[in-house]
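To start, the structure under review is shown below, and the notes come after it.
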Amino acid sequence: MSELSSLRKNYHQEILQKIVRLNTHPDKGSRYPSFADSSSKNSIAIAWKLIEKINTESITFVEDQSITAQTAGGRFEEITRNFLQNALDLLTHLRVGEWLYYTSIPISRFDQYEHLAALEKLSRENPQIAATLGGDYIIKPDIVVAKKPVYPSDINRPQREVISDDEEIAAFSPFIFRSNAPEKLILHASISCKWTLRSDRGQNSRTEALNLIRNRKGSVPKIVAVTGEPLPMRIASLALGTGDLDCVYHFALPELQKAIEELIENTGSSLEDQKDMLNTLIEGRRLRDISDLPFDLLL
């Protein structure tokens, strides 16, 4: 097994252990996975089959000890951040500089958005300005990947001085750290984590994406979302369309494909529309697996 496959397997096992619970159906009294929608038989069927595909260690699930949606979301963010950090550590030979990983840190901490702190302060002090400009400038993405600027000495190659710290050229790029200026982190990626997608839960991911695009001074960070939602139709509410999110990533996409295909083959269930939508999202380059994300962050 490759190192990335091992990380992905551990990622799945940690999700099953820390997030997935077996709930009791309020009407039928049967058990169902906590990330399924109890009002949708298709959601429950896919969730059970998906667990079957990824639970290779035969984990025994905790029953009737449900956790809140907020707790599940927080754990999903932490587990996903750790997976990405460990995966990207395998790829240090393909990237430049030092990368850092955070959860729920305000975007005003980064070079492209530091001006928003002053704008928010001004809005708080002047209600008329606040009414004119609106608010909610400083969002806190679920996960951020940041890059440290590099020193001129990091840029220079053996026996070649590409740039000097005491020169005035290339003086404004945030990529280069100058000894006479404060170090500013660069926001490289904003990752929205949605363990499930119910009702309008995906809309704030789009709102945050547009905020990042419109309010920057500098380059746009990579803007993506990660989900564990079992129903492709609901994934489509977040993944379809362009202009905001770069792409959506599923925590177990190959397993989701196989789960739906087996349900159709073995039970003749009415999941053809879910299968068609899943194929549309994949072929339309709007949905990928979590294992694709570390490599896409290098683009």
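The values are calculated or read from the model by the stated rules, or taken from the named source; none is laboratory data. Because the structure is a prediction, the values reported are computed rather than measured. FYI the Cβ positions are ideal-geometry reconstructions off the backbone, even for glycines, and counts take in every protein chain you see. What goes into the accessible areas is simple: the full protein's heavy atoms, side chains included, and nothing from ligands, DNA or RNA. Shrake-Rupley method; radii C 1.70, N 1.55, O 1.52, S 1.80 Å.
Against the definition (over 19 Å from Thr227 (Cβ atoms) and without any contact (Cβ under 8 Å) to a residue 40 or more places away in the chain), how does Ser66 come out, yes or no?
no
Say whether the condition of being within 25 Å of Gln85 (Cβ to Cβ), surrounded by fewer than 23 Cβ atoms within 10 Å (Cβ to Cβ) and of a type in the set (Phe, Trp, Tyr) is met by at least one residue in the range 171-179.
Among the residues of the range 171-179, at least one is within 25 Å of Gln85 (Cβ to Cβ), surrounded by fewer than 23 Cβ atoms within 10 Å (Cβ to Cβ) and of a type in the set (Phe, Trp, Tyr), which makes the answer yes.
Kindly indicate whether any position in the range 232-249 is open to solvent by less than 10 Å² (accessible area, probe 1.4 Å), touching an Asp or Glu at 6+ places or on another chain (Cβ under 6 Å) and at pLDDT 95 or above.
Scanning the range 232-249 turns up at least one residue that is open to solvent by less than 10 Å² (accessible area, probe 1.4 Å), touching an Asp or Glu at 6+ places or on another chain (Cβ under 6 Å) and at pLDDT 95 or above.
Mind telling me which of the residues Arg206, Arg198, Arg214 ends up being open to solvent by 30 Å² or more (accessible area, probe 1.4 Å), under 23 Å from Ile138 (Cβ atoms) and in contact with a helix residue (DSSP H, G or I) (Cβ under 8 Å, 6 or more places away or on another chain)?
The unique qualifying residue is Arg206.
Report the residue count in the range 1-13 for those that are open to solvent by less than 50 Å² (accessible area, probe 1.4 Å) and in contact (Cβ under 8 Å) with a residue 40 or more places away in the chain.
6
Could you look through the range 180-195, keep only residues that are in contact with a Pro (Cβ under 8 Å, 6 or more places away or on another chain) and closer than 19 Å to His250 by Cβ, and pick out the one that is surrounded by the most Cβ atoms within 10 Å (Cβ to Cβ)?
Of everything passing the filter in the range 180-195, Ser190 is surrounded by the most Cβ atoms within 10 Å (Cβ to Cβ).
Spot the failing condition for Leu298; the list is (1) under 30 Å from His93 (Cβ atoms); (2) more than 13 Å from the chain's Cα centre (by Cα); (3) crowded, with 17+ Cβ neighbours inside 10 Å, and only one is missed.
Condition (3) is where Leu298 drops out.
If the requirement is being modelled with pLDDT of 85 or more and among the hydroxyl-bearing types (Ser, Thr, Tyr), which of these qualifies: Ser205, Ser164, Ser123?
Ser205
Which helices (runs of 4 or more DSSP H) sit wholly inside the range 22-134 and have at least 3 residues that are crowded, with 19+ Cβ neighbours inside 10 Å and not acidic (Asp, Glu)?
On the way: elements: 41-54, 69-89, 115-125, 127-133.
Once the helices (runs of 4 or more DSSP H) in the range 22-134 are filtered for at least 3 residues that are crowded, with 19+ Cβ neighbours inside 10 Å and not acidic (Asp, Glu), what remains is 41-54, 69-89.
Any residue in the range 200-227 that is within 11 Å of Asp246 (Cα to Cα) sitting within a Cβ distance under 7 Å of a residue that is of a type outside the set (Lys, Arg) and open to solvent by 60 Å² or more (accessible area, probe 1.4 Å)? List the pairs, counting only those 6 or more apart or interchain.
So the pair list comes out as Lys222/Asp246; Ile223/Asp246; Val224/Asp246.
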